[in-house]
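Asks: Mind looking over this structure? Questions follow.
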Amino acid sequence: MKKATLALSDGTVFEGYSFGAQIDKTGEVVFNTSMTGYQEVLTDPSYKGQIVAMTYTEQGNYGVNDEDIESARPWAEGFIVKEHCQYPSSWRARGRLDEYLKRHNIAGIYGIDTRALTRIIRDKGAMQGVISTTGQDAAVLVKKAHETPGMVGADLVKEVTCGAPYSWNEGLWGLGDGYGALDKIGKRFKVVAYDFGIKRNILRNLASSGCDVTVVPAFMPANEVLAMRPNGVFLSNGPGDPDAVKYARRNIQNLIGKTPIFGICLGHQILALALGGSTFKLKFGHRGANQPVMDLTTGRVEITSQNHGFAVDEGSIKGLANLTHINLNDRTVEGIAHPSLPVFSVQYHPEASPGPHDAQYLFRRFTDMMEQQGAGV
Amino acid sequence: MPKRTDIKKVLLIGSGPIIIGQACEFDYSGTQACKALKEDGYEVVLVNSNPATIMTDPNLADRTYIEPITPEMVEKIIERERPDAVLPTMGGQTALNCSVRLAEAGVFEKYGVEMIGAGLNAIKKAEERELFKLAMQRIGLEVPRSSQARSIDKAIEIIGTMDFPVIIRPSFTLGGTGGGIAYNMEEYRDMVRYGIESSPVNEILVEESVIGWKEYELEVMRDRKDNVVIICSIENFDPMGVHTGDSITVAPAQTLTDKEYQILRDYSIKIIREIGVDTGGSNIQFSVNPQNGKVYVIEMNPRVSRSSALASKATGFPIAKIAAKLAVGYTLDEIPNDITKKTPASFEPTIDYVVVKIPRFAFEKFPNADATLTTQMKSVGEAMAIGRTFKEAMSKAVRSLETGSGGFDKKVRKDRHEPEFVPTDAELDLIKARLKMPSGERLWFVCEAIRGGLQIEDIYRSTGIDPWFLNNLKDIVDIEKALFWQFKSTGRLPEGLFRRAKEAGFSDASIGALSNKSESEVRALASECGIEPVYKTVDTCAAEFEAHTPYLYSTYERPFYNALEGTAPRSACEARPTKRKKVVILGSGPNRIGQGIEFDYCCVHCSLALKEAGYESIMVNCNPETVSTDYDTSDRLYFEPLAFQDVLSIVEKEKPLGVIVQLGGQTPLKLAVPLEKAGVKILGTSSDSIDMAEDRERFDHLLERLKLKRPKSGIARSIGDAMRVARSIGYPVMVRPSYVLGGRAMEIVYEERRLIEYMTKAIHASPEHPVLIDSFLQNAVEVDVDCISDGEMTVIGGVMEHIEEAGVHSGDSACSIPPYSLAKGVLDGIRHQAKLLARELKVVGLMNIQFAIKDNEIYILEVNPRASRTIPFVSKAIGRPLAKYATLLMMGSTLKGLGFTEEITPAYTSVKEAVFPFIKFPGVDTLLGPEMKSTGEVMGISRDFGAAFAKAQISAGNRMPLKGRVFISVRDEDKEDIAPVAMELFSLGFKVVATSGTARFLKENGVPAECVLKVAEGRPHIVDRIKSREIDMVINTSFGAKSVADSYSIRRSSLDMGIPYFTTVAGARASAMGIKAMLKDGLDVKTLQEYHSTLQTPNTK
């Protein structure tokens, strides 16, 4: 058992054991409270630049497979768990979690008190950290953590977005069927999806809702997007500070009023900025699969999957957009809609993966919106 | 949506006595519901026949009916109370079934009572298998293929279309009663017949078997705005085929990918909507094919359940409380999460630990019962443990079971030292057989299989237990091996390995056994190495929000430090002991026969009394069903095993004034001496007094000194000894091992031959422990006394005259307050002796004494210097909370100060009756004896003994007939005594049917009796007539092995047919009094509060 150390910028040092890749990694240390879906978490590009601690203690139980991925590769810098399983048990398993991390050069540490770590982050806020197996002096590692740049002001979109446009042809996953073919669904709506670090399940949801999706790089100017004559534009999730992605904000400003728009997570935040609102960094964010959100238009509560460290300032959007969804835990903004135009967004993840499917109706809301604009008829 | 204001008064139906499949969890849920409704200003009317519940405490509901939960009696309550609504979902299957019958009979409609929570249609859709199947098909979900049958012929037709094995499930039964798995035609026929008989609607379902599939449960909640949340997912360790109540279960689900888990979640939401449970909680069971993930829906309970209680304790989310609030109109987002205070209940708990529940069985009490686990529940209790990892939780769960095992003890070649071994062919066969057969011991055999070198793959093939669980057990065995060999080769335990063992939940005792050390040496060594437990909080949210409720469990975590602040490494402990005066209460652990809800009741009262008196109460218990493990009950809850090491660590952390051991039954009492030796103060009666009462020789000296009588007795350490002692005392004798609970292995021996047999068995069972031999007082009246003392003064709580004669275990006997036949002189003598003993033993708190009265002589049978099983019954009979009083006395109050200085003799009669699990164990005899067999009890209160006894019988499920045929067959010694009973029944209009001998005797004594054939005499015989429902009541006493064997089929068929039967003359006599009372004046209903208002008020307060 190779020893590993986790050092935080506040000086906290945890000593555990290494799994995955035996390399040093730095990043913002955050915790995720979802009890299932570690592979989806690892492959979510929004975790770029972050070291993820899972609060549930037994990880890797069902191994890894070729299906439960949200992008082409894992993006998290490091993975922190109490216990990792070396004998996965699932008919779907194709490998072990530690091998997977090793293959993708992700540093892992296990055997530490992840609950104590969570409480530190909860009380002091998300902070920079380092996972190391080099046996360096703790003070050196703390210094290294301290010197790691934070999330505020960081444009991480440019590191995860695709290089060139591509079209998407995979539907939602079904037991026994895998990812569905789309023949029966048809392609009623032409949608351009900005890739700020998009999760594949968003694309699968769009495709299964009848959208012919073209994914485009985050930098693509609005006029090029409009030239593709989409029925609607989708703004994806992604990592980092929304305020730092100025080019995306400008593009969105040029799209508002010209086409229906639907944004998720970072896409939602940049949309709010484009409308004139502002965003701020949450103390430790929302990451998990149990966050209660109320749809203010219906009064219904949905249990949602979330992964964000920034949020839209409610006061800043007054008069610019309507508040449509709020988080019932801390009353923060979870969804907005333009007062008159077919433009809306949510902070959370209706595509789930991992997490509950309660909010899947939002994809339908998007296609309905496009239909009202005369598309897909 | 705020709460409804059109409802003012709510009827809450409880679940009745503790039986297999329905235990304390419904006291927990009912108590929560009651509190929640009262908090919102509703008037709560409660009915429950179980006096040992917290919910029936007179100050909990507004009006408390301790009455039978039958449609007839509940209708009387409705007529009297006129509630606006009934909440039928809190009292298990009993309340649900009763509500369905009342609804179908139009009673709710007649009195304008609305069913809240779940309506009639939803209940029927969930409970009636055919309707459920159609509902599932409508929403596109699959259920195992199945067909219904109401006859053997139909069942035979069905089996033509299916392959064995098949599952037989009777409709509308509790805990799968009457169900089973048939592997061949012969078994199938038997099970079909039994199943149809067990079902109240004579209907069974024959179902395609999914044995070996994985089993999951989801706990779902819905509000009236149609918000649905999942509270907890549970994965069963044992695969399909074992009732979930008998399975080891684990939360959260361990081996599902998110995609698969979300399928179950989506299905659950669809199901609760389709079934139409308006508000509240439901439990939904699924089976999942481990090869391809295919999902079948197994069943749904449209109510709170054993699993919902477990889920509440596992997550910290109080399902029953929230369900009650939802039933009166709140929505999830309007209810705050108690634990975080700041967030709403409309979320899904997430946990950062693993929970393991393990069932506890009582097969040793029923030697003829089949110990194979099937779809019919057989366990009598359960323990739950929390650990940060599965290994830790599993090890703690095993320790919590208190079956004398500190861990995964050896089952094969038990005397070997090394963990691993090479099994002989015979041992291998044994292991393989025990792997294939699900039983309460299979877990231990899995460990033996691993130690014996079997491959995980092979163990999986034999057991169907997911390899993830098996590999975790293998990790545990690997640690065992490392500990053993490391110590053997180096003579020491490396710190890293030691820590790893502790993290995996190893007890000090099991580490000691592997390293040749005592438990205390291991403890000291751990402390030296800084390996000490820390406590973490159960907070519903994995620490995302701050928790305000101190609900704690222990674990071992590695230390960490702050390099900038220069702090020393330490492990994070969330226990925050206050500086207040505080007391630790030790609970009673998993329910078992002889130790159940009664002790939990006492512990809860203790906690409440401490809080009222200004002390901080700290509860330690590991039974997830109970009220004591509700995080609301005490100031702090430690959900921990009641083992010495775990308790001592808590005491060291909390530094209480002392520990209360006398209210949780034998479990904490056993810890009194070791805890005191470790420097812990025991509050109340001293451990020396406890020892004096428990130690046979010391106790005998005491009685001699006080000149009190006890049956002649002796101790035997060999067969020769036993024969000599028995001869000198004279047969019959009562024999038992020296240390027993609930009359374990106690027997009345009438002859030497049987004594020799017994001694061979008993000595073999426990070589170091001697056997106690007492003279058995035949036909003596037994009396139980509960008294309370402050060290100076003693007050009698209640004198209970048993209905069954001495020789029937006191826990199995019905009894009456006040006594109904004993002379005043005898009673005064009993009171005098009780007080004398309390004074000599310097009792501070409660004491229970059992007496036998023969020819007006008083004999002392047993003294227990602790709360007894009857404390809740006595407290409710006399209207005084004895356990609370006892607590205050232990904290220094006096009886004078409490205003309780005189015995209370109510003008009404209270009868307690025991309830038995025989129906769950086909082939087991129902005769009573010195070994306790009952799982629960009921209480009947009325103006006189007859009516109170009748109510108790009805509550216990004995449908007392008002007319028809009574069958009487008694042994010769009883003929004289039974004649007047027969005469009474005859004059009440019953036809008397008897076997030839009894019939002749009765005729000679003026009772016309119809003669019926004994089973051996040809057909149609008495059993035929019982089965064709021609007999309405059975009175049958027997004596001697042959007679008992001959009459077995009579008792068993009566039980199976639901015909009331009495196996003692005293019981028969009481039943005649009961029937007479029912015929004369009928049975009325009255609240406990009304009964108590007739009692004299306390002198002072």
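Just so it is clear, none of the values below were taken in a lab; they were calculated from the coordinates. All of these numbers come straight from a predicted model, not from anything done at the bench. Because the Cβ atoms are built from the backbone with ideal geometry, glycine has one as well, and the counts that use them run over all protein chains shown.
Asks: Determine ³J(HN,Hα), in whole Hz, for all residues of the stretch B:383-389 in sequence, where each value follows from phi through the Karplus function 6.51 cos²θ - 1.76 cosθ + 1.60 and θ = phi - 60°; x replaces Gly and Pro.
Replies: For the stretch B:383-389, the Karplus-derived couplings read 10, 10, 9, 10, x, 6, 10 Hz, x marking Gly and Pro.
Asks: Would you mind checking the pairs B:Lys396/B:Lys655; B:Lys835/B:Lys896; B:Lys670/B:Lys712; B:Lys357/B:Lys396; B:Lys9/B:Lys912 and listing those with alpha carbons more than 21 angstrom apart?
Replies: As for pairs spanning more than 21 Å Cα to Cα, those are B:Lys396/B:Lys655; B:Lys670/B:Lys712; B:Lys9/B:Lys912.
Asks: Okay, which of the stretch A:266-285 sit inside 20 Å, backbone N to the point 7 Å along the Cα-Cβ direction of A:Gln253?
Replies: Counting backbone N atoms under 20 Å from the label point, the list is A:266-280.
Asks: Rounded to the nearest 0.05, what FRET efficiency do B:Asp721 and B:Glu840 give with R0 = 35 Å and r taken as the Cβ-Cβ distance? Could you check?
Replies: 0.75
Asks: Here's something else I'd like to know. Report the gain in length on full extension from A:Gln372 to A:Gln136: 0.36 nm times residue separation, minus Cα-Cα distance, nm rounded to one decimal.
Replies: 78.8 nm
Asks: Could you work out how far apart the two model spin labels at B:Trp485 and B:Val201 are, taking each label as a point 7 Å from the Cα in the direction of the beta carbon, and quote it in nm?
Replies: Reported label-point gap for B:Trp485 and B:Val201 is 6.0 nm.
Asks: Follow-up. Whole angstrom only: what separates the Cα centroid of the stretch B:1012-1055 from the Cα centroid of the stretch B:36-87?
Replies: Between the Cα centres of the stretch B:1012-1055 and the stretch B:36-87 lies a distance of 39 Å.
Asks: Only counting other Cβ atoms within 10 Å, I'd like B:Lys951, A:Lys102 sorted with the fewest neighbours first.
Replies: Ordered from fewest to most neighbouring Cβ atoms within 10 Å, B:Lys951, A:Lys102 come out as A:Lys102, B:Lys951.
Asks: Counting only helical runs of four or more DSSP H residues, what would the 222 nm mean residue ellipticity of the protein assembly as shown come to if each run contributes -39,500 (n - 2.57) and the total is spread over all its residues?
Replies: Details: 47 runs with 498 residues, N = 1478.
The per-residue figure over the protein assembly as shown is -10000 deg cm²/dmol.
Asks: Can you sort B:Val661, B:Val1085 so the residue with the fewest Cβ neighbours within 10 Å comes first?
Replies: The most exposed by this proxy come first: B:Val1085, B:Val661.
Asks: Simple spin-label model, 7 Å along Cα-to-Cβ: B:Ala678 to B:Glu441 in nm?
Replies: 3.0
Asks: Evaluate E = 1/(1 + (r/R0)^6) for B:Glu420 and A:Leu175, where r is the Cβ-Cβ distance and R0 equals 51 Å; express this FRET efficiency to the nearest 0.05.
Replies: The value I calculate is 0.80.
Asks: Then there is this: May I ask for the angle, rounded to the nearest 10°, between helix A:246-255 and the longest principal axis of chain A, with both axes built from Cα atoms and the value confined to 0 to 90°?
Replies: Result, in degrees: 20.
Asks: Quote the FRET efficiency, to the nearest 0.05, computed for B:Lys712 versus B:Ala823 with a Förster distance R0 of 25 Å and r equal to the Cβ-Cβ distance. Show your work: numbers first, answer last.
Replies: Details: r = 24 Å, r/R0 = 0.97.
With a Förster radius of 25 Å, E is 0.55.
Asks: Using per-residue counts of other Cβ atoms within 10 Å, averaged over each peptide, order B:150-159, B:554-563 from highest down.
Replies: Highest to lowest by the protection proxy: B:554-563, B:150-159.
Asks: Here is a follow-up. Can you list residues whose amide H is under 5 Å from A:Trp173's amide H, if they're 5+ apart or on another chain and H is modeled 1.01 Å from N?
Replies: Here A:Gly180 satisfy the definition.
Asks: Tilt of helix A:138-147 relative to the longest C-alpha principal axis of chain A, in degrees (0 to 90, nearest 10)?
Replies: The helix A:138-147 is inclined about 20 degrees to chain A.
Asks: While we're here: May I ask you to evaluate 6.51 cos²θ - 1.76 cosθ + 1.60, the Karplus curve with θ = phi - 60°, for each residue of the stretch B:773-787 and list the ³J(HN,Hα) values in order in whole Hz, giving x for glycine and proline?
Replies: Karplus-based 3J(HN,Hα) across the stretch B:773-787 equals 10, 10, 5, 9, 8, 6, 6, 7, 8, 9, 9, 10, 10, 10, 9 Hz.
Asks: What whole number of Å gives the distance from the Cα centroid of the stretch B:888-910 to the Cα centroid of the stretch B:678-695?
Replies: 23
Asks: Now for a different question. Need one value for B:559-568: mean number of C-beta atoms belonging to other chains within 10 Å of its residues' C-beta atoms.
Replies: Working: counts 4, 12, 6, 8, 13, 11, 3, 1, 3, 0.
Mean partner shielding for this stretch: 6.
Asks: With a 10 Å radius around each residue's Cβ, average the other Cβ atoms per peptide and rank A:207-214, B:518-525, highest first.
Replies: A:207-214, B:518-525
Asks: Once you sort the root eigenvalues of the Cα gyration tensor of the stretch B:187-238 as a ≥ b ≥ c, which label holds: rounded (a/c under 1.5), prolate (a/b larger than b/c) or oblate (the other case)?
Replies: Verdict is oblate for the stretch B:187-238.
Asks: Once you average over the residues of A:290-300, how many Cβ atoms of partner chains fall within 10 Å of each Cβ?
Replies: 4
Asks: Once you've got the Cα coordinates, tell me which of B:Lys709/B:Lys842; A:Lys82/B:Lys414; B:Lys38/B:Lys681; B:Lys365/B:Lys488 are over 30 Å apart. Walk me through the intermediate numbers first.
Replies: Details: B:Lys709/B:Lys842 20 Å; A:Lys82/B:Lys414 35 Å; B:Lys38/B:Lys681 38 Å; B:Lys365/B:Lys488 40 Å.
Violating the 30 Å limit, Cα to Cα: A:Lys82/B:Lys414; B:Lys38/B:Lys681; B:Lys365/B:Lys488.
Asks: If amide H atoms are built 1.01 Å from N in the plane of the peptide, which residues on other chains or at least 5 residues away come under 5 Å of the amide H of B:Met90?
Replies: Correct list: B:Ile13.
Asks: Continuing with this model, one more query. Using mean Cβ contacts within 10 Å as the protection proxy, how do B:44-54, B:815-825, B:384-394 order, highest first?
Replies: B:44-54, B:384-394, B:815-825
Asks: A further question follows. Based on other C-beta atoms within 10 Å, arrange B:Ile511, B:Ile123, B:Ile597 from fewest to most.
Replies: B:Ile123, B:Ile511, B:Ile597
Asks: Distance from the Cα centre of the stretch A:12-66 to that of the stretch B:809-833, in angstrom?
Replies: About 68 Å separates the Cα centre of the stretch A:12-66 from the one of the stretch B:809-833.
Asks: Out of residues 5 or more away from A:Ala53 or on other chains, whose amide H comes under 5 Å of its own, with H placed 1.01 Å from N in the peptide plane?
Replies: Amide H neighbours of A:Ala53, under 5 Å, 5+ apart: A:Val30, A:Phe31, A:Asn32, A:Ile80.
Asks: Run the quick spin-label model on B:Arg580 and B:Arg753: label points 7 Å from Cα toward the beta carbon, then report their separation in nm to one decimal.
Replies: 6.6
Asks: Indicate, rounded to the nearest 5 percent, the antiparallel portion of the DSSP beta bridges found entirely in the protein assembly as shown. Intermediate results must be reported in sequence, preceding the final value.
Replies: Values: 152 of 228 bridges.
The antiparallel fraction comes to roughly 65 percent.
Asks: Let me ask you something else. For peptide A:352-360, what's the mean number of Cβ atoms from other chains within 10 Å of each residue's Cβ?
Replies: If you average over the peptide's residues, the count of other-chain Cβ atoms is 4.
Asks: So, one more: What list of ³J(HN,Hα) couplings, whole Hz, do you get for the stretch B:200-211 from phi and the Karplus terms 6.51, -1.76, 1.60, once you set θ to phi - 60° and write x for glycine and proline?
Replies: x, 10, 6, 9, 10, 10, 9, 10, 4, 7, 10, 4
Asks: Still on this model: Local charge sum around A:Leu141 (other residues, Cβ-Cβ under 14 Å, Lys/Arg +1, Asp/Glu -1)?
Replies: Charge balance near A:Leu141 sits at -1.
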